[in-house]
1. Counting helices only, and only those DSSP H runs with n ≥ 4, report the 222 nm mean residue ellipticity of the chain as the sum of -39,500 (n - 2.57) divided by its residues, in deg cm²/dmol to the nearest 500.
2. Quick one: what Rg and Dmax do you get for region 44-111 from the alpha carbons, in Å?
3. What is the sum of charges, Lys and Arg at +1 and Asp and Glu at -1, for the other residues whose Cβ falls under 12 Å from the Cβ of Leu84?
4. For the chain, give the share of DSSP beta bridges that are antiparallel, in percent and rounded to the nearest 5; count only bridges with both residues there.
5. Highest mean first, what order results for 91-97, 136-142 on Cβ atoms within 10 Å?
6. Sort 154-161, 78-85 by packing, meaning the average of other beta carbons within 10 Å per residue, with the highest value first.
7. How large is log10 I(q)/I(0) at q = 0.09, 0.18 Å⁻¹ when the Debye formula is applied to the Cα atoms of region 26-161, each weighted equally and without solvent?
8. Counting Lys and Arg as +1 and Asp and Glu as -1, what is the net charge of the other residues whose Cβ lies under 11 Å from the Cβ of Ile120?
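Just so it is clear, none of the values below were taken in a lab; they were calculated from the coordinates. A quick note: this is a predicted structure, and the numbers were derived from the prediction, not measured. FYI the Cβ positions are ideal-geometry reconstructions off the backbone, even for glycines, and counts take in every protein chain you see.
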Amino acid sequence: MSSAAAPDDDRSARAVAAAEALGLAHTVTRHGPVRSLAEAAAARGVEPRQVVKTMVVRVSVGDHPFVMDPGDRAIAWPKLRALLGVNRLSMPSADAAREVTGYVRGTITPLGSDSPLPVIADASIEGTVSLGAGAHGVALTVDAAELVAALHATVADVTEPAP
């Protein structure tokens with residue numbers, strides 16, 4: 001880790017502080033740039049299925065939940081719409097996602113978000129997982145059950161195998 005702080009470092013500090021405030025046992029991993037799920041998993045010392053992606057989706061104006069899914073799966077939009085009881089969902093623009101969460105795309109995490117958003121965790125998330133920590137190349141490794149409980153996440157089947 002270099003001594004010069006990158007702009008993302010402040011956001012990763014927020015995510016780590018949030019994990020600590022929630023009492024989550026965690027390990028911080030810092031790694032260089034990655035270009036794929038396989039590279040991210042290797043850099044973090046986990047399997048691709050253990051890499052948890054966090055996205056923010058737009059239900060309506062001012063209504064944005066986080067959705068956490070394993071790296072080897074993708075959001076199944078019909079399942080997510082059914083869970084939320086809506087006919088339409090969208091991904092917010094990068095600027096809107098940053099405005100709601102305080103994080104740029106690719107670093108979004110429910111930990112330390114600017115807005116306290118509801119969290120939906122796919123039912124297949126289990127065991128030890130690694131999720132982004134608010135900055136490129138920074139991740140937290142945690143127990144999935146503890147993470148889900150600490151975030152008061154709704155657990156549901158909202159994914160399908162990634163294409």
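1. Details: 5 runs with 46 residues, N = 163.
When only DSSP H runs of four or more count, the value is -8000 deg cm²/dmol.
2. Gyration radius and largest Cα-Cα distance of region 44-111: 12.6, 39 Å.
3. +3
4. Here the share of antiparallel DSSP bridges comes out near 70 percent.
5. Averaged packing, sorted descending, gives the order 136-142, 91-97.
6. 154-161, 78-85
7. Cα-only, vacuum Debye calculation for region 26-161: -0.23, -0.99.
8. Here the charged neighbours net out to -2.
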